[in-house]
Amino acid sequence: MLKIKNLHASIDGKKILKGINLEVNAGEVHAIMGPNGSGKSTLASVIAGKEDFEVTQGSVEMNGEDLDDTSPEERAHKGIFLSFQYPIEIPGVSVTNFMKTAINESRKAKGMEDMPANVMLKLIREKAELLDIDRKFLSRSLNQGFSGGEKKRNEIFQMAMLEPKLAILDETDSGLDIDALRIVANGVNKLRSDDKATIVITHYQRLLEYIVPDFVHVIHDGKIVKSGGKELALELEDKGYDWLKQEAAI
Amino acid sequence: MAYTEEELKKELETKEYEYGFYTDIESDTFPPGLNEEVVIAISKKKEEPEWMTLWRLEAYKYWKEMKEPDWANVHYEKPDLQAISYYSAPNSKPKYDSLDEVDPELLDTFKKLGISVDEQKKLAGVAVDIVMDSVSVATTFKKTLAEKGIIFCSISEAIKEHPELVKKYLGLVVPQRDNYYAALNSAVFSDGSFCYIPKGVRCPMELSTYFRINQAGTGQFERTLVVAEPGSYVSYLEGCTAPSRDENQLHAAVVELVAMDDAEIKYSTVQNWYPGNKEGKGGVFNFVTKRGLCEKNAKISWTQVETGSAVTWKYPSCILKGDNSIGEFYSIAVTNNFQQADTGTKMVHLGKNTRSTIISKGISAGKSQNSYRGLVQVNSRADNARNFSQCDSLLMGNECGAHTFPYIEAKNKTAMIEHEATTSKIGEDQIFYCNQRGINTEKAIALIVNGFSKEVLNKLPMEFAVEAQKLLEISLEGSVG
């Protein structure tokens, strides 16, 4: 589904990604771990098409199609979803209205009519139930005054609504207490299926106890320095990142 | 006798010539310049009674002694008032024979607003077929109003048909000598609306200039007078939401509202006159005086959405004269490219227990400048006066400006005045967040702007709100590269 080849990217002339290779197939869950500043979030932003980053070399392909000239919204229409590490506030725009706009814009891009209001409402009810979201929450302004947990849960709610092919969860666990973490992880697990793929970006192994990955990759200094199965995450938890840094330096 | 539609159409067409409505334009337009003779001639052309002519002349005398104000935070080349023609026949010939001749950019805007083809023609100044529907709508409308004793007509008609009312109220709230442009308007006003709601009557529908018969060509010096007798209610909608490409550069309108004891007036405006092109050439100068007077327990609420004009200078105000009266001002002002707006309100608290609310939302994009200027004044006798003001500014890009000039004058110790202000910027992060959810940048801006303006949009009558929302989108198109 997603094929990343020798990807180099920089921001304001500063090189962040220095040759990432990664292949993600349908039905798989990949975890990307690594110390702060290693390039994890940058990788997520580059896949989503954030224009602040310049791809200097290599490519990102989605279902065999090079995404180089594809705008962020077109990537979203192709089924790429990014759960933000720091979700953005939009005052005066309710969660419901935001979702309605997002869904209908995607449908418009595919030449479809707007989703009928009753279908939309039913979908919203369904997904809100799935994630244990109070209905009152949906009429609040997007992310404004939300607690850390509410913001992250809202991201997963949006993911459930948009039904992406590839979901990238950027530090979804940061700022969550254990209960919120469990709810969010449960939500993600319920949405797992054979035709979808997930990339979980995280600093700690904690989240991976709930969302069990098929593969774990460790990024250091803009490169994947080690890949393995889910046991790699445990090893990292045990030993920290330093041994990998040393290994990479050799 | 039963007419067929076709016959009636034909008859109406020929009648126009019969009555000479469409005489040669040239002969019905005055040469440029303003002096006493011109004022008298305007009054004569409009077949006004003598008292009206004298009233205009008085205004002209005041105006001659006055100077154009320059305290507003706007910069422009002062229009040459001697280069303007002060009278032009109201029903001029259609400018075009078909829509194909009209500026395609304008038509594009009409389409986006969802305006019907017939209405598009009317707005663009294309010859229109007689539409049976609109005639019958207007007729039914007038009948319903008349049954309730409501008067809704052009101000010229009112001067002739209801002189006692006009004489009593014209200039009561905005006197001739109020300010430079109000004096000019008083001397030369072309036409406008008059609305009178009798005691205890609740006007059953939103009064919109759209429904007024003979509404074409109110001209550049519009005069509006709304009188609500004790215990009555009216909601008045001003402006059409389509951007007519008016060739008049200067517009100086006066609007006066009188709300007697226990009466309520809701006055909503959507203004989108030509703002000039992207380089800042052309565009309308909009210098308006709007003021309402509240007697005991009365309420006046101004709601405005301003997206047009090159230069705007406008402060819809409330004189809270009666005890327990209420004044409200809800405003969205959008400026893009090289537009400049200096707008706000004045709340003058004279009576006891008077309350006022000000919610102002300024949105600046491009190289525009957007200023809020507001005065809250509490008189020494106005015990327990309350005001709440909130002024929010939203900036797009790095080249525009937002300014806030709040003036507070409190002469009574019991006054409670609150002022809140925020300035924010549409961030690239917000836009990327929307993009990532599949919403393109234009739509994202519209969404963010609508969210920002929500408190004010909610105050507009439903159908107006929908159009206003679309208008906000159109005005800000292309404002983020």
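Does A:Lys152 satisfy the criteria of being out of contact with any helix residue (DSSP H, G or I) (no Cβ under 9 Å at 6 or more places or on another chain) and either surrounded by 21 or more Cβ atoms within 10 Å (Cβ to Cβ) or at pLDDT below 95 (or both)? No; evaluated as a whole, the condition is false for this residue.
Screening A:Met115, A:Met159 for residues that are among the hydrophobic types (A, V, I, L, M, F, W, C) and buried (at least 22 other Cβ atoms within 10 Å of the Cβ) leaves exactly one candidate, A:Met159. Can you report the number of residues in region A:1-39 which are buried (at least 21 other Cβ atoms within 10 Å of the Cβ) and not hydrophobic (A, V, I, L, M, F, W, C)? The qualifying residues number 4. When region B:320-333 is filtered for residues that are crowded, with 24+ Cβ neighbours inside 10 Å and either touching a Gly at 6+ places or on another chain (Cβ under 7 Å) or over 11 Å from B:Gln304 (Cβ atoms) (or both), the ones remaining, listed by number, are B:Leu320, B:Ser325, B:Gly327, B:Ala333.
None of A:Val24, A:Val55, A:Val60 is under 25 Å from B:Thr441 (Cα atoms), away from chain B (no Cβ under 14 Å) and in contact with a Lys or Arg (Cβ under 9 Å, 6 or more places away or on another chain) except A:Val60. Please go through region A:147-169 and pick out each residue that is out of contact with any strand residue (DSSP E or B) (no Cβ under 7 Å at 6 or more places or on another chain), away from every other protein chain (no Cβ under 11 Å) and not in a loop (DSSP other than H, G, I, E, B). The answer is A:Gly148, A:Gly149, A:Glu150, A:Lys151, A:Lys152, A:Arg153, A:Asn154, A:Phe157, A:Ala160. Only one entry of A:Val184, A:Val216 meets the criterion of being more than 14 Å from chain B (Cβ to nearest Cβ), surrounded by 18 or more Cβ atoms within 10 Å (Cβ to Cβ) and at pLDDT 90 or above, and that entry is A:Val216. When you scan region B:400-421, how many residues do you find that are touching a residue at least 40 places away in the same chain (Cβ under 8 Å) and either within 13 Å of another protein chain (Cβ to nearest Cβ) or in contact with a Gly (Cβ under 7 Å, 6 or more places away or on another chain) (or both)? Going through region B:400-421 one residue at a time, the tally reaches 2. Within region A:86-145, being in contact with a strand residue (DSSP E or B) (Cβ under 7 Å, 6 or more places away or on another chain), assigned to a loop (DSSP other than H, G, I, E, B) and more than 10 Å from chain B (Cβ to nearest Cβ) holds for one residue alone: A:Arg140. If the condition is being of a type in the set (D, E, K, R) and either assigned to a strand (DSSP E or B) or farther than 18 Å from A:Leu82 by Cβ (or both), then region A:170-223 contributes A:Asp170, A:Asp177, A:Asp179, A:Arg182, A:Lys190, A:Asp194, A:Asp195, A:Arg206, A:Glu209, A:Asp214, A:Asp221, A:Lys223. As for region B:422-443, it holds at least one residue that is within 14 Å of chain A (Cβ to nearest Cβ), assigned to a helix (DSSP H, G or I), free of Cβ contacts under 8 Å to residues at least 60 places away in the same chain and touching a Cys at 6+ places or on another chain (Cβ under 9 Å). For region A:68-85, filtered to residues that are farther than 30 Å from B:Val456 by Cβ and touching an Asp or Glu at 6+ places or on another chain (Cβ under 7 Å), the residue that is nearest to the other protein chains (Cβ to nearest Cβ) is A:Leu82. Among residues of region B:330-341 that are at positive phi, those with a beta-carbon under 8 Å from a residue that is small (Gly, Ala, Ser) and crowded, with 24+ Cβ neighbours inside 10 Å at least six positions away or on a different chain give the pairs B:Asn337/B:Ala365; B:Asn337/B:Ser368. Against the condition surrounded by 15 or more Cβ atoms within 10 Å (Cβ to Cβ), in contact with a helix residue (DSSP H, G or I) (Cβ under 8 Å, 6 or more places away or on another chain) and modelled with pLDDT under 75, how does B:Ala138 come out, does it pass? It is true that B:Ala138 is surrounded by 15 or more Cβ atoms within 10 Å (Cβ to Cβ), in contact with a helix residue (DSSP H, G or I) (Cβ under 8 Å, 6 or more places away or on another chain) and modelled with pLDDT under 75. Considering (1) small (Gly, Ala, Ser); (2) within 14 Å of another protein chain (Cβ to nearest Cβ); (3) surrounded by fewer than 20 Cβ atoms within 10 Å (Cβ to Cβ), the lone condition that B:Ser453 does not fulfil carries the number (3). Listed by position, the strands (runs of 3 or more DSSP E) inside region A:2-64 whose residues that are among the basic types (Lys, Arg) number at least 2 are A:2-11, A:14-24. If the condition is being among the basic types (Lys, Arg) and touching a Leu at 6+ places or on another chain (Cβ under 6 Å), then region B:342-398 contributes only B:Lys346.
The values are calculated or read from the model by the stated rules, or taken from the named source; none is laboratory data. Computed from a predicted model, the values in this text were never measured in an experiment. Cβ coordinates were reconstructed from backbone atoms using ideal geometry, including for glycine residues, and neighbour counts include every protein chain displayed.
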